[in-house]
């Protein structure tokens, strides 16, 4: 009966039938989006259950952990390793500032990994406490959809629990994909890369996305030899082309060997390590080969098709603007929907879901001007449109302001690495459409710029802001000279 | 210079090195300005002055008569001058005003004292305080000093050193001074490329349209005074043993144990510098707290963090005398007692405008009690043809503000576009360790001006500190108008604060609301994202304005998450 009511679109109206459900909301997956949605829903008075796989740093069909990708296998452990790796460059830079360092500086990977694991264990505990403090009931086990209002949780010991829920939210995230080439089993993915026993002396990183360039930077900063193999002319497809070139130059400047327009054809085990053979016939020797070749939504074992939930051809759950699937009682947020795969976006989607369903305040996540960062060394951060996107969308001209400068620290350290900043401005409205920066502290700097862009700030408003001296960030408010003016229409798309 | 050999890249420290043309610190003008310059010759006098000799001085004297009666900004339209603009002082404000005036078509000359790292009545240098004795060298020393903390942090990230990293002061000084030489050269080139005539020497105003530089007279339609300020040391016995910030930036050797007198930003920045470079640092402040004028919570937070890093604060102590003992060490006598054994005693007790011996009194330019030149909103002094920008006017003593004033003045004078500098929501930073960034009002100012405000704060251990195990924390604060939801003030103390605050300054300046902040998605994982994820009000202050005579309606419970 309950099922009928929901399909009829009576959702949200208080009903006698509500009492027949075990939960108002049952969430499958306790990562960023799932935890946020369940906490907020519980705060709005809903009775909430959530299930998550047992904790382990490396995920699989049967292993996960409260906190999800961000906390256990993504943002947090990655940033910890980036911090660790950044000291490599800092030590070089320190010398000209008068520091005398012993010839032998050791880096102990095992120690860093242990501390990283301690930290994610701590965070896993914090997340569990967040849930219990919010009154959300946590079940450990694998959840699957048993019907429009039915979830089945298979516990560790194999016993199955079954609960009914008025709403079901799927927030199971995604997982790294592997290339289908001979010897692929010799390679690892980012999960494993965050938990290696030993620091690889030689690493081959396959892929041109943010995960690839981050790991390349991490291992290079720790002193490894790194080969970065990617299909396109430049890494970071989808980012502003000019900034992609800057990142490529910086990666090279830090000593990473770039192999653009290159695919791996096979991997072979040899006496001296893994041999990675490229489609150009090159043979790269490595201790570790990392596949950073995309991620796929975790939608396979949820029984979605049988229950009638539609997926797209990548396996992502199809949802409407309110994160609702084609089944009115089933919703989905986060990477499993493959919209914009970022932690803060999953949080936003989770918040909007809770507002829509349990606060009586229908809310759509807003994907405009979402800032994000690539924690390469040095990092890249962007908000709004790239120059290419702006040209595609523009009716009139686009003004481009760029600034390329030697950061003050480099004037003494002698490091030959320029910081590059860029503003993309609509010539007619003076609105700043996009901002990007590649250089130290870029992600920290971009957050405030993002607030300005989110609210439609104009270039004149940037210019009227006084600089904070001496910082790198002040360059964003002192870009007086136009670099170029580009006509908005008819520009052919690049395919670098 | 042994450390240099260990680096793979060759140092780019000389003013002759072209690969670093793009390096600009205080100002980063279009690249083309620099690329077309040679950077090779930096003669003491860039231009021949002979052409000016043909203007007889009596001509100028006879004309000054009528000047006061002229309407258009005090100039005599009919009269011919050597220059449209003569600027005294080639620091941030003076260079900016001169360059832009020249770009707008004016003929411009600027005079500046010969270069020295220590300023005096006879030494200065193109670039001014910011480049030679302020922002730039200070920040270079902060960078150097901060490595000590980074080495410590790095231990927590698995890095280990066979022996403790040691610091060589003379390497730092040599590299710092090479950089300053390079920058002063760049500044000279900026002037040259803008067609501004640089005259080395001490400028003195003779009459409303005449400047005397070491005996040579130059007439000008307008005169800008931009001579800046200088450290001030109170007159106590033994003051000759004290150093000021000029000297502290260029010491021959690192202090073993230093007393820093003062609680302002300069005192805190140097305390951080010397503490990082392993000096024993004592800070003496007259008041209970450091950084008067800053947000109270920030004041408490920064001194707590600095104390944890090993700086000893002596509060409510007023220095009375410096005594030099037989072994050469210095003692500082205060109202509370005497602390002995200092190798250096530094006074960071304020700065005073450089208005002495400028001829101001004789020509009738009014100055305030502290010597600052009094100006109106357009930077015009009491003499209509004489203008002043930057620290010499003691308005808001920051480089970017001097730049703003210089730019506004150039527009007013030579672009027929009267422009007032806008002092609202000017961000500023203290490069203490940890540093501070702020924009807008303090909580105290906000309560006074708006009565009802909501305060959002976050005090947290950054991700880096959880790994390093060091007791570093970060503090953030948003001050929001309860009525309009506008963000009135934003403050942060913690790593990267100055870089973080710049972008938010654009938002605060644009008058954005807390709702706008909340609508912005975070950049994860950063410290800065905390500013857009502050959902819970820390406290609500409800105080009607005194004029309305209402009493506090009480603090409401914080909203739930």
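Just so it is clear, none of the values below were taken in a lab; they were calculated from the coordinates. A quick note: this is a predicted structure, and the numbers were derived from the prediction, not measured. Glycine gets a Cβ as well: all are built from the backbone with ideal geometry, and neighbour counts include every protein chain shown.
Some points to look at:
- Label zone at residue B:152 (point 7 Å along Cα-to-Cβ), backbone N below 11 Å, the stretch B:248-281: B:275-278
- Model label points for residue B:444 and residue B:174, set 7 angstrom from Cα along the Cα-to-Cβ axis, are 4.7 nm apart.
- Modelled FRET efficiency - R0 56 Å, residue A:134 with residue A:416, Cβ distances, 0.05 increments: 0.65
- Averaging the sequence gap over all C-alpha pairs within less than 8 Å and six or more residues apart, then dividing by the number of residues, gives the stretch B:205-292 a relative contact order of 20 percent.
- Mean separation of Cα contacts under 8 Å (6+ apart) over length of the stretch B:439-480, as relative contact order %: 44 percent
- Alpha carbon centroid spacing (whole Å) that separates the stretch A:128-182 from the stretch A:276-332: 17 Å
- Between residue A:270 and residue A:114, the modelled labels are 3.5 nm apart [label points 7 Å from Cα along Cα→Cβ].
- Taken residue by residue and averaged, Cβ atoms of other chains lying within 10 Å of the Cβ of B:145-155 number 4.
- Highest mean first, the peptides A:194-205, A:375-386 sorted by other C-beta atoms within 10 Å per residue fall in the order A:375-386, A:194-205.
- With the highest mean first, a sort of the peptides B:310-321, B:403-414, A:33-44 on other beta-carbon atoms found within 10 angstrom per residue produces A:33-44, B:403-414, B:310-321.
- Efficiency of FRET between residue A:367 and residue A:257 - r from beta-carbon atoms, R0 45 angstrom, step 0.05: 0.80
- Spin-label model distance (nm) - residue B:338 vs residue B:461, 7 Å beyond Cα toward Cβ: 4.5 nm
- The protein assembly as shown, helix-only ellipticity at 222 nm - DSSP H runs n ≥ 4, -39,500 (n - 2.57), divided by all residues, nearest 500: -8500 deg cm²/dmol
- Residue separation of residue B:288 and residue B:374 scaled by 0.36 nm, minus their Cα-Cα distance, works out to 27.8 nm of gained length.
- Remark: mean inter-chain Cβ contacts per residue of B:509-520 equal 5, using a 10 Å Cβ-Cβ cutoff to other protein chain atoms.
- With contacts taken as Cα pairs under 8 Å at a separation of at least 6 residues, the stretch A:283-323 carries a relative contact order of 32 percent.
- Shielding value for B:135-143 is 3, the average number of Cβ atoms from other chains within 10 Å of each residue's Cβ.
- Beta bridges by DSSP in chain A, antiparallel share as percent, to the nearest 5: 65 percent
- Most simply put, the protein assembly as shown has about 65% antiparallel DSSP beta bridges, counting only bridges with both residues inside it.
- For peptides B:339-348, A:183-192, sequence by mean Cβ density within 10 Å, most packed first: B:339-348, A:183-192
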